[in-house]
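Participant: I'd like to ask some things about the structure below.
The values are calculated or read from the model by the stated rules, or taken from the named source; none is laboratory data. Because the structure is a prediction, the values reported are computed rather than measured. Virtual Cβ from ideal backbone geometry, glycine too; neighbours counted across all protein chains shown. Surface accessibility is based on the protein's heavy atoms, side chains included, excluding ligands, DNA and RNA. Shrake-Rupley method; radii C 1.70, N 1.55, O 1.52, S 1.80 Å.
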Amino acid sequence: MSAGAARKSDDILHPLLLRIVHWINAFAVIVMILSGWRIYNASPLFGFEFPVGFTLGGWLAGALAWHFAAMWLLGLNLLAYILYGILTGHFRRRFLPLWPGPVLQDLKDAFAGRAVHAPGRYHGGQRAAYVFAILSIILAIVSGLAIWKPVQLQELTALMGGFEAARRVHFFAMGALVFFIVLHVGFAVGVKGVLKPMITGRPERAE
Amino acid sequence: MKRPKISLSDFRPQIERVERRLFLKRGLSLGALTMLSGCTLKDDDAVDRLLFAMSRFNDRAQAALFDPNKLAPVYEEAEVTTPFPFNAFYEEKLAPVIDAENYRLRLSGLIDNNAPWTLRELRALPQATQITRHVCVEGWSAIGKWGGVPFRTFLERVGADMTARYVGFRCADNYSTSIDMPSALHPQTLLALDFPGHAGETKYGFPVKIRIPTKLGFKNPKHVTEIFVTNDNPGGYWEDKGYNWFSGS
């Protein structure tokens, strides 16, 4: 779309394919995190455990079953998303540029409630946040594979600094993702008119 | 005063309407419930079945990923974890103590020569040692040193059918597990006779443990008393409770 062209209210902001991928990803990520917390509790790395009420699976075997089922959904869905993003130019259009200066300024504006929301265009803070989320998921998957297969994929485990280091990388990738989710859900609910388009694809009509 | 006569037949059309409506309503809610729960009226079961199917899919995925020639990383003596963590489905003090002289390793299933073995006879076979990482399904790991007979050598010696699919293990502590034949034939899979810890310590699996560095810890049975070869998946203590059967590393 050429710059300055007015958007009609029935323009599609988020294509159907991307909306499907987004909600599958949301489901898979939540399953992975909640079952992951139950797995963590079986052998806590740090001096705390996750409250059992916030975990999925009931016991270690159940949590592992959820984790190793949802990992396929997460991985294949992410692969589809990355292929789509690269092949259609979606990543280039939506996520670039990422210069630190403007990104920092836009982040400050967003937290001050002054961010400019142009439908169909992300401000610098959003671009940085979404790239951060995607990289966190990729890091969680890579470190997860290193823990799952420290013999068959030992090169990957070595890249993570060994098995015990890979467990910590996996934990902090989860932490980064939870950090993103808290902000993302906060803004999605707090900023007017941004949640509905992620479901219907269309901007909310000004009525 | 004339009492108004009430006859049921006067109200029949209304009653039929109400009945029809109730029937539809009940039908709808039952239909909705069935759709939600995958036709069983118990949605826990549908989820469990899906997770079970995915676990069997993961068995096949892991078998495909398994490279029979890929060796587990080995470590230096100085890297061995001391004391080596004890882990079982019972407390440490309940670990079985087995008399070395009377011990016999029994064999059954698809094995040509299924005569039982004494410890002395097992010691007379070619021996190997390894220092590898034991990874527990709980997440923790520890480096240990094991010595014993390469399991492939043992299976060849007793004439096991190496085209069979599974090797099963029964243990003195009533534990059991089973592995796929490719993992049994892996060059680092060991019929271990020497264990972590100081001499005389028996809780780590004396007199026979199967050490498989390409599998999670619970697939490494301790205090083994019987080995059998079969084409029917024998499952195992934890596997039957819901842990993934292949559980490769």
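Participant: Out of the residues in the stretch B:117-136 that are more than 19 Å from residue B:196 (Cα to Cα) and not polar (S, T, N, Q), which is most open to solvent (accessible area, probe 1.4 Å)?
Facilitator: First pass over the stretch B:117-136, keeping only residues more than 19 Å from residue B:196 (Cα to Cα): B:117-118, B:120-121, B:124-126.
When the remaining residues are screened for being not polar (S, T, N, Q), the result is B:117, B:120-121, B:124-126.
Values: B:117: 41, B:120: 169, B:121: 85, B:124: 83, B:125: 12, B:126: 66 Å².
Across the stretch B:117-136, the extreme among qualifying residues is B:120.
Participant: Whether any residue in the stretch A:142-150 is more than 14 Å from chain B (Cβ to nearest Cβ), more than 25 Å from residue A:71 (Cβ to Cβ) and either in a helix (DSSP H, G or I) or not charged (D, E, K, R) (or both) is what I want to check.
Facilitator: In the first step, residues of the stretch A:142-150 are kept if they are more than 14 Å from chain B (Cβ to nearest Cβ); the result is A:142.
Then keep just the ones that are more than 25 Å from residue A:71 (Cβ to Cβ); that gives none.
Looking for residues that are more than 14 Å from chain B (Cβ to nearest Cβ), more than 25 Å from residue A:71 (Cβ to Cβ) and either in a helix (DSSP H, G or I) or not charged (D, E, K, R) (or both), one finds none in the stretch A:142-150, hence no.
Participant: Give the stretch B:140-163 a look and list any residue that's in a loop (DSSP other than H, G, I, E, B) and not hydroxyl-bearing (Ser, Thr, Tyr), or say none. Show your work before the answer.
Facilitator: Here is the first cut: in the stretch B:140-163, the ones in a loop (DSSP other than H, G, I, E, B) are B:140, B:159, B:161-163.
Across the stretch B:140-163, the qualifying residues are B:140, B:159, B:161, B:162.
Participant: If you check residue B:225 against the conditions, is it of a type in the set (S, T, N, Q), in contact with a helix residue (DSSP H, G or I) (Cβ under 8 Å, 6 or more places away or on another chain) and at negative phi? Full working, then the answer.
Facilitator: Working: of a type in the set (S, T, N, Q): yes; in contact with a helix residue (DSSP H, G or I) (Cβ under 8 Å, 6 or more places away or on another chain): no; at negative phi: yes.
Spelling it out, it is not the case that residue B:225 is of a type in the set (S, T, N, Q), in contact with a helix residue (DSSP H, G or I) (Cβ under 8 Å, 6 or more places away or on another chain) and at negative phi.
Participant: Say whether the condition of being at pLDDT 95 or above and of a type in the set (Lys, Arg) is met by at least one residue in the stretch B:194-209.
Facilitator: Yes, the stretch B:194-209 has at least one match.
Participant: Still on this model: For the structure I just gave you, tell me whether residue B:200 is more than 14 Å from chain A (Cβ to nearest Cβ) and buried (at least 20 other Cβ atoms within 10 Å of the Cβ). If you could, list the steps in order and put the result at the bottom.
Facilitator: Details: more than 14 Å from chain A (Cβ to nearest Cβ): yes; buried (at least 20 other Cβ atoms within 10 Å of the Cβ): no.
Spelling it out, it is not the case that residue B:200 is more than 14 Å from chain A (Cβ to nearest Cβ) and buried (at least 20 other Cβ atoms within 10 Å of the Cβ).
Participant: For the stretch A:1-98, give me every one of the helices (runs of 4 or more DSSP H) that falls completely inside it and has 3 or more residues that are at pLDDT 95 or above.
Facilitator: Values: elements: A:16-42, A:60-87, A:90-95.
Counting at least 3 such residues, we get A:16-42, A:60-87.
Participant: Within the stretch A:111-125, is even one residue within 14 Å of another protein chain (Cβ to nearest Cβ) and closer than 26 Å to residue A:33 by Cβ?
Facilitator: no
Participant: Of the residues that make up the stretch A:177-187, is at least one open to solvent by less than 50 Å² (accessible area, probe 1.4 Å), within 14 Å of chain B (Cβ to nearest Cβ) and not in a loop (DSSP other than H, G, I, E, B)? Let's see the steps before the verdict.
Facilitator: From the stretch A:177-187, those open to solvent by less than 50 Å² (accessible area, probe 1.4 Å) are A:177-178, A:180, A:186; that's our starting set.
With the extra rule that they be within 14 Å of chain B (Cβ to nearest Cβ), the set shrinks to none.
Looking through the stretch A:177-187, none of the residues is open to solvent by less than 50 Å² (accessible area, probe 1.4 Å), within 14 Å of chain B (Cβ to nearest Cβ) and not in a loop (DSSP other than H, G, I, E, B).
Participant: Which of the residues that make up the stretch A:60-70 are open to solvent by 40 Å² or more (accessible area, probe 1.4 Å) and more than 8 Å from chain B (Cβ to nearest Cβ)?
Facilitator: Of the residues in the stretch A:60-70, the ones open to solvent by 40 Å² or more (accessible area, probe 1.4 Å) are A:66, A:68.
Listed by number, the list is empty, since nothing qualifies.
Participant: Looking at B:69, B:58, can you tell me which residue is within 14 Å of chain A (Cβ to nearest Cβ), open to solvent by less than 50 Å² (accessible area, probe 1.4 Å) and out of contact with any Lys or Arg (no Cβ under 8 Å at 6 or more places or on another chain)?
Facilitator: Selected residue: B:58, the only one of B:69, B:58 that is within 14 Å of chain A (Cβ to nearest Cβ), open to solvent by less than 50 Å² (accessible area, probe 1.4 Å) and out of contact with any Lys or Arg (no Cβ under 8 Å at 6 or more places or on another chain).
Participant: Here is a follow-up. (1) more than 15 Å from residue B:143 (Cβ to Cβ); (2) away from chain A (no Cβ under 14 Å); (3) touching a strand residue (DSSP E or B) at 6+ places or on another chain (Cβ under 8 Å): which one isn't true of residue B:84, the others all being true?
Facilitator: All conditions pass for residue B:84, except number (1).
Participant: Continuing with the same structure: Could you tell me how many of the residues in the stretch B:213-249 are without any contact (Cβ under 8 Å) to a residue 60 or more places away in the chain, open to solvent by less than 20 Å² (accessible area, probe 1.4 Å) and within 14 Å of chain A (Cβ to nearest Cβ)?
Facilitator: Number satisfying all stated conditions: 3.
Participant: Going through B:83, B:13, B:4 one at a time, which residue ends up being assigned by TED's automatic domain parsing to the domain that holds residue B:203 and either out of contact with any helix residue (DSSP H, G or I) (no Cβ under 9 Å at 6 or more places or on another chain) or at pLDDT 95 or above (or both)?
Facilitator: Numbers: B:13 fails: assigned by TED's automatic domain parsing to the domain that holds residue B:203; B:4 fails: assigned by TED's automatic domain parsing to the domain that holds residue B:203.
Residue meeting the stated conditions: B:83.
Participant: Sticking with this one: Can you pull out the residues in the stretch A:103-114 that are over 14 Å from residue A:130 (Cβ atoms), at pLDDT 85 or above and open to solvent by 50 Å² or more (accessible area, probe 1.4 Å)? Give the steps one after another, and end with the answer.
Facilitator: Just the residues of the stretch A:103-114 that are over 14 Å from residue A:130 (Cβ atoms), to begin with: A:104-105, A:108-109, A:111-114.
Within this subset, residues satisfying the condition of being at pLDDT 85 or above are A:104-105, A:108-109, A:111-112.
Passing the criteria: A:104, A:105, A:108, A:111, A:112.
Participant: Let me ask you something else. Go over the candidates A:139, A:135 one by one and state the one that is surrounded by 15 or more Cβ atoms within 10 Å (Cβ to Cβ) and in a helix (DSSP H, G or I). Show your work before the answer.
Facilitator: On the way: A:135 fails: surrounded by 15 or more Cβ atoms within 10 Å (Cβ to Cβ).
Unique residue meeting the criteria: A:139.
Participant: Which condition from (1) modelled with pLDDT under 95; (2) part of a helix (DSSP H, G or I); (3) not acidic (Asp, Glu) is the one that residue B:64 breaks?
Facilitator: The failed condition is (1).
Participant: Select, from B:218, B:228, B:206, the only residue that is assigned by TED's automatic domain parsing to the domain that holds residue B:165 and in a helix (DSSP H, G or I).
Facilitator: On the way: B:228 fails: in a helix (DSSP H, G or I); B:206 fails: in a helix (DSSP H, G or I).
Within the list B:218, B:228, B:206, the selection yields B:218.
Participant: So, in the stretch B:72-115, exactly how many residues are open to solvent by less than 100 Å² (accessible area, probe 1.4 Å), assigned to a loop (DSSP other than H, G, I, E, B) and closer than 20 Å to residue B:173 by Cβ?
Facilitator: Residues meeting the conditions: 13.
Participant: Here's another thing I want to ask about it. Every residue in the stretch A:86-122 that is within 20 Å of the chain's Cα centre (by Cα) and on the phi > 0 side of the Ramachandran plot, please.
Facilitator: A:89, A:120 - these are the residues of the stretch A:86-122 that are within 20 Å of the chain's Cα centre (by Cα) and on the phi > 0 side of the Ramachandran plot.
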